[in-house]
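J.: The structure's right below; bear with me while I get my questions together.
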Ligand code: PEP
């Protein structure tokens with residue numbers, strides 16, 4: 001499967017800054033075809049960037065979605081809206097949304113279904129806290145999050161990506177070692193084979209996120225079960241993100 005590299009811009013970049021970043025990226029990534037590349041800008045930039053990316057393979061993602069089609073949900077965004085401005089992917093259950101906006105495994109599950117209903121592809125984030133890692137509860141936590149997020153899915157799971165993002169590694173400069181990440185990715189892969197038919201389970205991409213940088217991507221991508229990366233901070237610098245996309249496993 002083609003690796004997937006996703007840039008999560010979070011609540012950064014106004015229209016002009018987003019414009020400049022994408023123009024640079026488009027140039028730097030010309031001809032780079034060893035990964036599928038997705039960026040998740042703020043909602044306010046998506047439509048504009050869609051036009052800028054018309055002749056580029058770079059795809060767009062929403063950073064959130066509401067499970068309802070439309071209605072009285074002030075401040076929310078629907079799958080229909082995201083699809084209408086050119087999104088192909090949606091990031092769901094990012095730890096910042098779980099921590100600050102009350103996202104739970106149950107709402108993540110509803111959002112996964114809403115995403116697929118609109119022919120968008122979900123990128124579901126899971127990850128343990130530092131306390132859970134130190135208490136040796138990592139694999140149990142990930143198993144619960146994945147099982148609940150994907151409950152009821154069936155073969156539709158093949159269109160889904162799971163992003164393993166240890167909470168202690170996000171925006172902290174601390175990356176999980178390739179071995180730590182691989183252990184969790186491998187356990188997620190095994191769980192997928194338990195929960196779904198083999199044909200669908202093997203299609204699911206499992207990507208790593210948590211302080212991914214130009215200088216650590218190569219060793220992470222050398223692991224057999226790491227199928228790409230979800231990149232926060234480093235996705236805001238075109239040169240760094242381009243180098244991540246052009247990873248060379250070693
Ligand atoms: C993220 O936003 O999902 C993330 C992993 O951020 P950072 O790369 O900055 O740690």
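The values are calculated or read from the model by the stated rules, or taken from the named source; none is laboratory data. Keep in mind it's a predicted model, so treat the numbers as computed, not measured. Cβ: placed from backbone, ideal geometry, glycine included. Neighbour counts: every protein chain shown.
J.: Starting from region 93-106, take each residue that is loosely packed, with under 12 Cβ neighbours inside 10 Å and list its partners that are modelled with pLDDT under 95, counting only C-beta distances under 7 angstrom and pairs at least six apart or across chains.
T.: Close Cβ pairs (under 7 Å, with a partner that is modelled with pLDDT under 95) do not exist here.
J.: Moving on to the next point. Those residues that are under 22 Å from residue 143 (Cα atoms) and more than 13 Å from the chain's Cα centre (by Cα), I need them from region 117-129; list them, please.
T.: Matches in region 117-129: 128, 129.
J.: While we're here: Specify which of the listed residues (112, 85) is within 15 Å of the chain's Cα centre (by Cα), more than 16 Å from the ligand (Cβ to nearest atom) and over 15 Å from residue 230 (Cβ atoms).
T.: Working: 85 fails: within 15 Å of the chain's Cα centre (by Cα).
On inspection, the qualifying residue turns out to be 112.
For every residue, the table says whether it meets (1) touching a strand residue (DSSP E or B) at 6+ places or on another chain (Cβ under 6 Å); (2) within 16 Å of residue 145 (Cα to Cα).
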site	(1), (2)
170	no, no
176	no, no
182	no, no
186	no, yes
189	no, yes
194	no, yes
197	no, no
207	yes, yes
